[in-house]
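What follows draws every value from the coordinates through simple rules; no lab data is involved. Just so it is clear, the structure is predicted and the values come from calculations on it, not from any experiment. Methodologically, a virtual Cβ is constructed for each residue, glycine included, from the backbone with ideal geometry; neighbour enumeration extends over all protein chains shown.
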Amino acid sequence: MYKKIYTFTISLFLFSQFFYAQGITLSYTGSSNYILTERTDLRRYDNNKYIGLMSREVKSFIVPREGDGKRVYEGDFYVEQDTVHVGMALDEGIHDAITSIFSIDDDGIMEMYEDNGYPSFRSFPSFPQDKEIKKGDTWTSAAERAVDPTGEGIITRMPIYVQYTYNGQSSFNGKPVHYVKALWATRYGTNTKYIDLDGDPNLKTASGKHEASIYLDIETGAAVLIRDVVDEEFIYKDGKKIAYKGTISLFTEYPSSVDTQELMPIINRLVKEADIDYKEVDAGLMLVIRDLQFVANKAELLPGEEKRLDQIASLLKKVPDNQILVEGHTARVGDESDELGLSLDRAHTIVKELTARGVSKNQFITKGSGGTKPVADNDTPEGRARNRRVEITILK
């Protein structure tokens, strides 16, 4: 009896050693639609004085798109929660989306095509190309962070050089994952060769250290969880010092599925009775509300839209677990910045009407595209009427 148990233990040990001796190859193989959340819990110190716990949560809904043979993604990023002092949380109300477009190669290297400061970690993590690695193996790779230490919306991009160590397989939420440790130092500004000419001109130097734990999906190479322990300081030209200590956590999740069959009776009624078009897009199920009656050049709805909004709300209440993107559009006939602002304000109006009808405001993301995405010719009254629309997408 004891001999058999001993033999089994030796066999299991030898199999484990054989598995790790053989090595594995890490690579990113892509993803369908996903939700990326970045949560920061950092203690802030201004000139060595403790200011408070800075808690911020940035969420994004990211969708693959076509891109000349590259793996390209478009993401709508928004701040879901922002706490600026101990015990004082800011209610962000409606979540306005910030769009970024980027590609990710097999080795995890990211290239930004439309860069609005998100995601804040780029080319992180990245993997050695065409190389098998075993437990304990290390590699180094360049990456980038986009930071805004003052919180004033001035983004500075800092190169970082990361040392990775493969620590074998682990488990996260009951699923097998690859476990990787990452170390790097913050080095930026005076006495370094790293300056972002488009960044904050008042940022003089940055220094510090990071230690991150990374859990990678075994099948796709996507980072399902990153937990970064931060200790860094930013010094400005006027002598002000801002230091942060704490953690930054990144989560990858996948949106809830939508039972299209259950929704189709309501959708068909909307199409028939409410002058609404329906189509399936990469991001989910889209309703196109045409010819909404607003006061000219304002975000105020005219009387008569109540029934359509009632019907739309009844549909959206069927999907309480899904995020909903509301995107406003205008005809392109005037100043582009005015049109962008008006289209966003009109998206806000629709969200307020739908939340008043019982749809949770936490589900909504809003976006204003102005006249940048026409579906018809702006040279005719009919075309301009078609371009004035609001699109509501149930993200899935």
Number of the exception - Thr380 against (1) exposed (fewer than 14 other Cβ atoms within 10 Å of the Cβ); (2) touching a Leu at 6+ places or on another chain (Cβ under 7 Å); (3) of a type in the set (S, T, N, Q): (2)
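Given the criterion of a type outside the set (A, V, I, L, M), closer than 19 Å to Ile160 by Cβ and in contact (Cβ under 8 Å) with a residue 60 or more places away in the chain, identify the matching residue among Ser249, Ser213.
Details: Ser213 fails: in contact (Cβ under 8 Å) with a residue 60 or more places away in the chain.
Residue meeting the stated conditions: Ser249.
Restricting to segment 232-279, and then to whatever is under 22 Å from the mean Cα position of the chain (by Cα) and not polar (S, T, N, Q), can you tell me which residue is nearest to Pro119 (Cα to Cα)? Step through it out loud before you land on a result.
Looking only at segment 232-279, we keep the residues that are under 22 Å from the mean Cα position of the chain (by Cα), and these are 246-258.
When the remaining residues are screened for being not polar (S, T, N, Q), the result is 246, 248, 250-251, 253-255, 258.
Numbers: Gly246: 19, Ile248: 13, Leu250: 10, Phe251: 12, Glu253: 15, Tyr254: 17, Pro255: 18, Val258: 27 Å.
Ranking the candidates gives Leu250 first.
Return yes or no: is Thr220 among the polar types (S, T, N, Q) and assigned to a strand (DSSP E or B)?
Values: among the polar types (S, T, N, Q): yes; assigned to a strand (DSSP E or B): no.
So Thr220 fails the test.
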Subset of segment 108-142 (residues that are part of a strand (DSSP E or B) and over 15 Å from Glu38 (Cβ atoms)): Glu111, Met112, Tyr113, Glu114, Ile133, Thr138, Trp139, Thr140, Ser141, Ala142
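For segment 223-260, what are the residues that are assigned to a loop (DSSP other than H, G, I, E, B) and within 30 Å of Lys318 (Cα to Cα)?
Tyr254, Pro255, Ser256, Ser257, Val258, Asp259
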Subset of segment 320-338 [free of Cβ contacts under 8 Å to residues at least 40 places away in the same chain and part of a loop (DSSP other than H, G, I, E, B)]: Gly334, Asp335
Whichever residue in segment 287-315 is assigned to a helix (DSSP H, G or I) and within 32 Å of the chain's Cα centre (by Cα) and, among such residues, is surrounded by the fewest Cβ atoms within 10 Å (Cβ to Cβ): Asp310
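Between Glu336, Glu280, which is surrounded by fewer than 15 Cβ atoms within 10 Å (Cβ to Cβ) and closer than 29 Å to Ser32 by Cβ?
Glu280
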